[in-house]
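Input: a single structure, listed below in structure tokens.
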Amino acid sequence: MGRIAVAIGLGSNLGNRTAHLQFARDRLAEGLVDMRASSIHETDPVGVATPQGPFLNQAVVGETLRSPWEVLDWLLALEQARGRQRPFRGAPRTLDLDLILAGDHVMEGPDLAVPHPRFRERRFVLGPLAEIAPEMVDPITGKTMRELLDALVTRESAASGL
Ligand code: PH2
Ligand code: MG
Ligand code: MG
């Protein structure tokens, strides 16, 4: 088990969003080697059942010796440190930290699925990620983050009739 490159999606749409993201970046920088962070993107909520405020989204990449399960436990602990509540699926959240990619690991368990099953359809994940890791490869499709983002933008334009 050597070092693996991980990509993490950050999101917040409750409370002091900037402070929640800053907290996450600071903690992640302590545990990742060569961490890089994208700019912060303000995005409308996608696929949530209740009316809620806009998100701040960001992506972080870095290297780690931890296993994907250890990374997941770490992310959950950081969410809890910001008082994350889970009253229902898709509820507004102080801090959401999603493991998007973990090296070439592919797993689909009930607790952990990497690559993140829906990240190829999410502009709020691919936009920030392509900014800092355009050549990072999705082990399932073999495509880079830049290719996945381009493909998504093309599909979205076609769907909106442009
Ligand atoms: N996260 C979700 C659901 N919808 N929409 C935006 N814009 N940003 C998110 O981070 C987000 C979302 C589930 O985690
Ligand atoms: Mg999420
Ligand atoms: Mg999550």
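The values are calculated or read from the model by the stated rules, or taken from the named source; none is laboratory data. As the structure is a prediction and not an experimental result, all values here were calculated from the model. Positions of Cβ are generated from backbone atoms using ideal geometry, with glycine treated the same way; all protein chains shown enter the neighbour counts. Surface accessibility is based on the protein's heavy atoms, side chains included, excluding ligands, DNA and RNA. Shrake-Rupley method; radii C 1.70, N 1.55, O 1.52, S 1.80 Å.
Against the definition (more than 12 Å from ligand 1 (Cβ to nearest atom) and either under 16 Å from A7 (Cα atoms) or basic (K, R) (or both)), how does D104 come out, yes or no?
Criteria met by D104.
For the stretch 43-65, how many residues meet the condition of being out of contact with any strand residue (DSSP E or B) (no Cβ under 7 Å at 6 or more places or on another chain) and open to solvent by 60 Å² or more (accessible area, probe 1.4 Å)?
Of the residues in the stretch 43-65, 6 are out of contact with any strand residue (DSSP E or B) (no Cβ under 7 Å at 6 or more places or on another chain) and open to solvent by 60 Å² or more (accessible area, probe 1.4 Å).
Check A91 against each of (1) in contact with a strand residue (DSSP E or B) (Cβ under 9 Å, 6 or more places away or on another chain); (2) open to solvent by less than 10 Å² (accessible area, probe 1.4 Å); (3) not in a strand (DSSP E or B) and name the one condition it does not meet.
Condition (1) is where A91 drops out.
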